[in-house]
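Take a look at the structure set out below.
None of the figures in this text is laboratory data; all of them are computed from the coordinates on show. The shown structure was predicted, so the numbers you read here are calculated from the model rather than taken from an experiment. Here the Cβ is made from the backbone with ideal geometry for all residues, glycine too, and neighbour counts use every protein chain on show.
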Ligand code: BEZ
């Protein structure tokens, strides 16, 4: 799994839209009192707590210790574990939920995570999730990669943004029957005004910059902003809007 550096305070304060949009996915999950639910990639626990508010019995897991530490501080009554979804040994759950997390698990490793989900689910249990779909943040990723390569940097970092046609058979190969799936554009306005794009890249894309010197980093960020300004910056509102695309689905363990 890519080793992004996570700053939990910045994640909550500057990127609250992640959990805000995720509420739609919780509505699709429709958690019920007493149901056992596993939240994969729970981050700082905002949606885990929303699920728990329904009376469900929820466990949140996340690979980033800093995020889990923050989740435990914010919600001491809930259960959180530091765990990599590819290696987790789950107990039995009625549903598995995940928002904005699965794209961090590279395609080559993804079957290990899906196998964990399948083994976690009781018969007829549901897997309800959303993450970046085919074409997600492609303008931003292309601009960053272009500026990196123009300065001689190579990066093997990659997120996984599949289409429905690619992902549904993958789910089915793990005995997870897809009952609904959507791929849709969700242009996402960033917080932070003029600095919003570089803050977003700092939060989510630091791995792309791993080999880059501080001086080059500044030059690359400025060049990326200039490249993307005509398409993604609105001078009237002073905000950046990133080209998010979401893959959302419901699958049922057969
Ligand atoms: C997302 O689609 O949620 C996302 C993708 C890559 C980096 C950060 C966020």
Förster radius 41 Å - calculated FRET efficiency between residue 65 and residue 234, Cβ distance, rounded to 0.05: 0.65
Where only alpha carbons of the stretch 57-159 are counted, the Rg and the Dmax (Å): 16.8, 52
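Hey, with R₀ at 25 Å, roughly what FRET efficiency would residue 5 and residue 108 work out to, going by the Cβ-Cβ distance, to 0.05?
For R0 = 25 Å, the calculated efficiency reads 0.65.
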Give me the distance between the Cα centres of the stretch 199-254 and the stretch 138-184, rounded to whole Å. 15 Å
Ranked by how many other beta carbons lie within 10 Å on average, peptides 240-251, 106-117, 151-162 from highest: 240-251, 106-117, 151-162
When a/c reaches 1.5 or more, the comparison of a/b and b/c decides; with that in mind, is the stretch 1-133 rounded, prolate or oblate per its Cα gyration tensor? rounded
Along the Cα-to-C-beta direction of residue 139, a point sits 7 Å from the Cα; which residues of the stretch 210-254 have their amide N less than 17 Å from that point? 222-246
What percent does the relative contact order of the stretch 112-208 come to when contacts are Cα pairs within less than 8 Å and at least six residues apart? 30 percent
Sorted by mean Cβ packing within 10 Å, highest first, what order do the peptides 93-104, 191-202, 56-67 take? 93-104, 56-67, 191-202
What FRET efficiency, computed as 1/(1 + (r/R0)^6) with R0 = 35 Å and r the Cβ-Cβ distance, is obtained for residue 241 and residue 122, rounded to the nearest 0.05? 0.30
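Which value at 222 nm does the chain reach when only helices count, each DSSP H run of 4 or more adding -39,500 (n - 2.57), with the total divided by all residues and rounded to the nearest 500 deg cm²/dmol? Please report the intermediate quantities before stating the final value.
Values: 9 runs with 99 residues, N = 254.
Value at 222 nm, helices only: -12000 deg cm²/dmol.
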Subtracting the Cα-Cα distance of residue 30 and residue 163 from 0.36 nm times their residue separation yields 45.4 nm
Euclidean distance of C-alpha centroids, the stretch 4-38 and the stretch 92-131, integer Å: 15 Å
At 0.36 nm per residue, minus the direct Cα-Cα distance, what do residue 156 and residue 13 gain on full extension? Give it in nm, one decimal, please. 48.5 nm
As an exercise, find the ratio Rg/Rh for the chain from alpha-carbon atoms, using the Kirkwood inverse-distance average for Rh. 0.97
Over the stretch 167-213, what per residue volume does the convex hull of the Cα atoms give, in whole Å³? 136 Å³
